[in-house]
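Chemist: Would you mind keeping the following structure in view while I ask a few things?
Read the figures in this text as sums done on the coordinates, not as results from a lab. All values derive from a computational prediction rather than experimental measurement. Quick reminder, even Gly has a Cβ in these numbers, built from the backbone with ideal geometry, and neighbours come from all protein chains shown.
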Amino acid sequence: MKLTRSSGVLLHPTSLPSRYGIGDLGDAAYRFVDFLVESKQSLWQILPLGPTGYGDSPYQCFSAFAGNPLLISPDYLVRDGYLPADGVETVPSFPSERVKYGEVIPYKRELFAGAYAHFVKHGTSEQQISFSQFEDKQAGWLDDFALFMALKMEHQAVDGGVWSSWPQELMQRDVQAIQFWSEKLSSEIEYHKFLQFIFFQQWSSIKRYANDRHIQIIGDAPIFVAYDSADVWANREQFFLDELGLPTVIAGVPPDYFSETGQRWGNPLYKWEVMKRDGYAWWVSRLKMGFEQVDITRLDHFRGFAAYWAIPVEEETAVVGDWIKGPGSDFFRTMQEKLGSLPIIAEDLGVITPDVIAMRDEFTFPGMKILQFGFGGDKTNAFLPHTYESNSVVYSGTHDNDTTVGWYRSASPSEQDFVRRYTARSGDNIAWDMIRLAMASVADTAVIPLQDLMQLDTDARMNYPGRTDGYWQWRFLPEALTAAIVERFRDMTILYGRERCVKEGRA
């Protein structure tokens, strides 16, 4: 896949303004699309949309298929008749610039329970039919996910409900046990299916709104899934697990730019040879679902398909491990055979070897260029714009980086000097200096985090790899998205030939 010259903004929906403690798929999401249109953008990049688990990270989800109910708009529940008119009159006083998950989760759970009860009692025939159709269409993943979540809530008193702590017959998915608990928890199962129904109603609506205005959405698919997920529980034979269902080796990366001890992600690793036997059927379903939710998918940790870092589960850091050969090009050839064109961006960061580059280029997947990585070496650094190939996506930074302002302020004097000489600027307006570098580059696609457009400091950082507390929380206030930002971004987009151009089919 080769992208046309375009640009866009990186912003996860949790960061949108909302009076309910977390960004959602309500009016603010539509206003954000309007901002993209006004500033002549073509792309909205988001993080994974799944239901978050450990550490509230969108990269540790209870399902690779499901949506995050926390993103459901309470206002639209009222608008669409799933809650009475007074259902959201009383709302706690949530922080407006941070997500306090410990406060938001119980509030929304209570709200959603009320919405489901209202639906059961007052749902229209049209709503009931739509829900039934959704259940039938998505049964391939929805049945396992809803049962998983119901069982998790039922057993949450033990180890937080992680599936390996369930009774043996449930952990191993004994047919009779599954049937018994499916009947016993039938109402709870329907509740979780209902939340997915509502999520995808609201998400599909915002995606249509964006697409109708020639805005494409870039999604994000982590290569690995969370251990405590319906995906692993329902497909144990496809992961390296012991007889107790516990991982024997786990995912991560060796020491790198972000961490001297590497990153110990903790995800279980795939048995790729087992997956290959059925034509990678689980992956086919996963990517198919992803391509329905978004227009383009950023495939996280792309290099893991060539080789992945396997860490013995007993190791406390990612320093010790082995590179194990992945499925390679055979995987992507199979995906092409089953799914056709693959609208994928390869997250090709980290330890990149020739086989990773060859695999990326074989399928013409655009790779990623991060400007913040460009100034720690010399003029041959592959992240400096004068070295780029056109089929790539350039970012000032990503969700894993500090904001550009924060990065520059903490950079070494020599690195700051390199930036100033390279940009021919004083550094006093570093965020927009870096935005200009990205927009002017030959990279076909440029994506700018909203924090950089707003020139925000480290306090607005979304994530810090390897750390689990205090991240994924940043939100912006509606008044921060000013007309001045729109005008400046629009002018720069036009200047460097990245503006939306419907006649040419550029979106």
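Chemist: If you add up the charges near Leu384, with Lys and Arg at +1 and Asp and Glu at -1, over every other residue whose beta carbon is less than 10 angstrom from its beta carbon, what do you get?
Modeler: +1
Chemist: In the neighborhood of Ser396, defined by Cβ-to-Cβ distances under 12 Å, what is the net charge if each Lys or Arg adds +1 and each Asp or Glu adds -1?
Modeler: Its environment carries a net charge of -1.
Chemist: Which order do Ile494, Ile250, Ile223 fall in if you start with the one that has the fewest other Cβ atoms within 10 Å?
Modeler: Sorted ascending by nearby Cβ count, the order is Ile494, Ile223, Ile250.
Chemist: Could you tell me which trypsin sites (Lys or Arg not before Pro) in region 434-507 are loop residues by DSSP with no more than 13 other beta carbons within 10 angstrom of their beta carbon?
Modeler: Working: sites: Arg436, Arg461, Arg467, Arg475, Arg488, Arg490, Arg498, Arg500, Lys503, Arg506; in loops: Arg461, Arg467, Arg475, Arg498, Arg500.
Within region 434-507, the qualifying trypsin sites (Lys or Arg not before Pro) (loop, at most 13 other Cβ atoms within 10 Å) are Arg467.
Chemist: While we're on this one: To make sure I understand, if each residue's beta carbon is the centre and we count other beta carbons within 10 Å, what order do Tyr54, Tyr116 fall in, fewest to most?
Modeler: Details: Tyr54 16, Tyr116 21.
Lowest count first: Tyr54, Tyr116.
Chemist: Could I ask something else about it? Give the share of C-alpha pairs in each 5 angstrom bin for region 11-54, from 0 to the last occupied bin, in whole percents, shortest bins first.
Modeler: 5, 21, 27, 24, 14, 6, 2, 1
Chemist: With a Cα-only, solvent-free Debye model of region 1-157, what are the log10 I(q)/I(0) values at q = 0.15 Å⁻¹?
Modeler: So the normalised log intensities are -1.00.
Chemist: As a footprinting exposure proxy, order Glu103, Glu314, Glu188 by other Cβ within 10 Å, with the fewest listed first.
Modeler: Going from least to most buried by this count: Glu314, Glu103, Glu188.
Chemist: Roughly what % antiparallel, to the nearest 5, for the DSSP beta bridges in the chain?
Modeler: Roughly 40 percent of the beta bridges in the chain run antiparallel, per DSSP.
Chemist: For Val88, what charge total do you get from the other residues with a beta carbon under 15 Å from its beta carbon, if Lys and Arg give +1 and Asp and Glu give -1?
Modeler: Value of the local net charge: -3.
Chemist: Using Cα centres only, tell me the gap between region 153-191 and region 396-449 in whole Å.
Modeler: 50
Chemist: I've got another one for you. By the gyration tensor of its Cα atoms, with a ≥ b ≥ c the square roots of the eigenvalues, what is the shape of the chain: rounded for a/c under 1.5, prolate for a/b over b/c, or oblate?
Modeler: It is oblate, given that a/c is not under 1.5 and a/b is not larger than b/c.
Chemist: Then there's this: Where in region 78-158 are there trypsin sites (Lys or Arg not before Pro) that are in a DSSP coil and have at most 15 other Cβ atoms within 10 angstrom of their Cβ?
Modeler: Filter output for region 78-158: Lys100.
Chemist: Considering only C-alpha atoms, what is the centroid distance from region 22-47 to region 310-352, in Å?
Modeler: Rounded to whole Å, the Cα centres lie 31 Å apart.
Chemist: Measuring from the lowest to the highest alpha carbon on each principal axis, how far does region 274-331 reach, largest first, in angstroms?
Modeler: 38, 26, 20
Chemist: How big, in percent, is the set of alpha carbon pairs in region 417-501 lying more than 16 Å apart?
Modeler: 62
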